[in-house]
Amino acid sequence: QVQLVESGGGLVQAGGSLRLSCAASGGIFSSYVMGWFRQAPGKEREFVATIGWSTLYADSVKGRFTISRDNAKNTVYLQMNSLKPEDTAVYYCAARRGSALRANGNDYDYWGQGTQVTVSS
C-alpha cells in the first residue's frame, strides 16, 4: 500500500509561482509512474502532468509547469510558474504501477488527499 501526501499549496497572485511536493511511502517509489491531477469547483478532475522515464503534460500547462521526481527522497514535484486564475483547484498526486504514462485518472492506483491552490487575479 502506497501513501501519498501533498504539500506546498496556497494563495498566490496571477503570474506567480508555487512548487507542490508529494511524498510517497509504503512502496518502491522508483517503480511507479507519478502523476498530478487537479479538480476545480464544479468541474471534473483533469490531468496535469505525469512522469516515469519521460514526462507528459496537459496542453493547458505545457511551458508553465514542470514535473520532476527525486527517487532518493521518494518525492515528486510540480513547479508551477506563470500561474493563472484558471489554475485554481485542488491538486492531487497519484501513483500507478508500471512504466506507461497515462493521462486518465482511472489508470492510477493510489491518490493523495490533495492540496489547494488558489490564484488571485
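Restrict the search to segment 1-81; then list the chymotrypsin sites (Phe, Trp or Tyr not before Pro) that DSSP places in a loop and that have at most 13 other Cβ atoms within 10 Å of their Cβ.
W53
For the chain, with all protein chains present and a 1.4 Å probe, just round the carbon and sulfur fraction of the accessible area to a whole percent.
C and S fraction of accessible area: 47 percent.
Mind checking which lysines have their C-alpha under 18 Å from K62, skipping anything on the same chain fewer than 8 residues away?
The qualifying lysines are K84.
With every protein chain present, what accessible area does V90 have (1.4 Å probe, heavy atoms only), rounded to the nearest 10 Å²?
40
Give the accessible surface of segment 1-116 per residue, rounded to a whole number of Å², with probe radius 1.4 Å and ligands, DNA and RNA excluded.
I get 51 Å² per residue for segment 1-116.
Please give the per residue volume of the convex hull enclosing the alpha carbon atoms of segment 36-96, rounded to a whole number of Å³.
It comes to 88 Å³ per residue, whole-number rounded.
The values are calculated or read from the model by the stated rules, or taken from the named source; none is laboratory data. All values reported here derive from a predicted model rather than from experimental measurement. Note that we place each Cβ from the backbone using ideal geometry, even for glycine, and neighbour counts take in every protein chain shown. For accessibility, only protein heavy atoms count, side chains too; no ligands or nucleic acids. Shrake-Rupley method; radii C 1.70, N 1.55, O 1.52, S 1.80 Å.
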